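**Student:** My questions will all concern the structure given below.
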Amino acid sequence: MTANRDGRQPPVLGAVFVDLENLHISIRQEFGEAMDRTIRILQALRKHLEEDLGISVVVGRAYAPLDYSTSRDLINDLSLLGITPVHVLASPTKNSADLMLAIDCMEFLFRRSDIEVFVIVGGDRDYIPVVDRIRQNARSVLVVGPRYATSGDLVTIVGQKNYIDAVSLLPPSLRVPAAWETPPVRQALVEPPKVEAPETPLAPMPESEPEPEPESEPEPEPRPALETMADVELIVADPVELEDLKACLAVIVRIQSRLGVAEVWLGPLYRHLNEALPAKNNLQRKDLISRLANLGAIEIASRPRMDEGRVSGTYSVVTVNWKHPLVLEANPD
């Protein structure tokens, strides 16, 4: 970067793109009241960018289905922050905020070579291609969003040093719900389906000469069965991890209940976990499945994949151990 005549470095120019509805909904689900917190996050973000990181924000846009009669104060607050409100089309279940944000990012990427830093306020996994394209063009990207509502894969792609937890921008007094605010409601696990697993006959083993057993270390004794939640908590001491394991079980049980099956295919299960645990990345979601298997709450088995009457490969399935204390804790009925 070329210095000015007085020897000072010119400011780094940045553009901020806000998935406003995504941020607002994430804050509302966790805290109840969201409008004031949303504006405070954006105020603190601009101050952090300019004063702490030396980024001069020259473009600011926020995307949401806006109705002036109901969003007048919000529109005014955004305008005072130098953020242009952008109205997007919406249906009862979906709006085009993420699409418009991605289009504008690409437009400024190719039309404004002077903008060096792109700031995306939104945690959806869908922004990964946008982040990739910005970085391929030798620009920097920052991602801002509540940690509990930001895709772990998105954070992995952008890197922890380029991620800002939106809640950390709030003053401490607003990082917890007030007494009058409605806390988030956690969905309970549904009752386990009463489906019996089909019996799979075992094929006879071919006869062969017995091979001599190689000398090896004696196998370790199997871990004692976990009989109570106290036994589980001795192994899983972190309460956050325990909640994640329960959430993972909830997804498995929900699939079983909806499809009426005793076994869940592991491949499609990971895709469901991506939606249920967006704050985790792929490796973390796979670790949760492995952890449940190690605890004995689920069992992972291989099944032959048949193609025109012949075995063409295998696939993995998951079954739930309904007598496990962790499963009983999550499914008291």
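**Student:** Considering the Cα positions of segment 7-87, please state its Rg to one decimal place and its Dmax as a whole number of Å.
**Tutor:** When restricted to the Cα atoms of segment 7-87, Rg and Dmax are 13.9, 50 Å.
**Student:** What distance in nm lies between label points placed 7 Å from Cα along the C-beta direction at V261 and Y315?
**Tutor:** 0.6 nm
**Student:** Still on this structure, I have one more. Choose one of L288, P239, V261: the residue whose Cα lies farthest towards the positive end of the charge dipole of segment 229-306 (beta-carbon charges +1 Lys, Arg; -1 Asp, Glu; about the Cα centre).
**Tutor:** The one lying farthest along the dipole's positive direction is V261.
**Student:** Percentage of Cα-Cα pair distances in segment 46-124 greater than 17 Å, rounded to whole percent?
**Tutor:** Percentage above 17 Å: 54.
**Student:** Over all distinct Cα pairs, what is the inverse of the mean 1/r for segment 13-165, reported as the Kirkwood hydrodynamic radius in Å?
**Tutor:** With all distinct Cα pairs of segment 13-165 included, I get 15.5 Å.
**Student:** Beyond 23 Å between alpha-carbons counts as too far, so tell me which of K161/K280; K246/K280; K94/K286; K47/K280; K280/K323 fall in that bin.
**Tutor:** In this structure, K94/K286; K47/K280; K280/K323 exceed 23 Å between Cα atoms.
**Student:** Another question about this same structure. To the nearest 20 Debye, how big is the dipole of segment 1-143 about its Cα centre, given +1 on the beta carbon of each Lys and Arg and -1 on that of each Asp and Glu?
**Tutor:** So the magnitude is around 340 debye.
**Student:** When only DSSP loop residues count, what chymotrypsin sites (Phe, Trp or Tyr not before Pro) in segment 236-333 have their Cβ near at most 15 other Cβ atoms within 10 Å?
**Tutor:** Hits after loop and neighbour filter: W322.
**Student:** For labels at K94 and R125 in the simple 7 Å Cα→Cβ model, what's the distance in nm?
**Tutor:** 1.6 nm
**Student:** Still on this structure, I have one more. Within segment 22-81, report the GluC sites (Glu not before Pro) that DSSP leaves as loop and that have at most 16 other Cβ atoms within 10 Å.
**Tutor:** E33
**Student:** Zone of E299 (label point 7 Å along Cα→Cβ, backbone N under 19 Å): which residues in segment 236-252?
**Tutor:** Of the residues in segment 236-252, 249, 252 have backbone N under 19 Å from the label point off E299.
**Student:** I've got another one for you. What is the dipole size for segment 91-132, taken about its Cα centre, with +1 at each Lys and Arg Cβ and -1 at each Asp and Glu Cβ, in debye to the nearest 20?
**Tutor:** 120 debye
**Student:** To the nearest 0.05, how large is the calculated FRET efficiency for D238 and D114 if R₀ is 51 Å and r is the Cβ-Cβ distance?
**Tutor:** Between D238 and D114 the formula returns 0.65.
**Student:** Nearest 0.05, what FRET efficiency do E308 and N137 give at R0 = 41 Å with Cβ-Cβ as r?
**Tutor:** Result of the calculation: an efficiency of 0.30.
**Student:** Next up: Students often check this: by mean Cβ neighbours within 10 Å, which of 166-175, 291-300, 235-244 ranks highest, and how do the rest follow?
**Tutor:** Highest to lowest by the protection proxy: 291-300, 166-175, 235-244.
No value in this document is a laboratory result; all are computed from the given coordinates. The model shown is predicted, which means the values in this text are computed figures rather than measured ones. Virtual Cβ from ideal backbone geometry, glycine too; neighbours counted across all protein chains shown.
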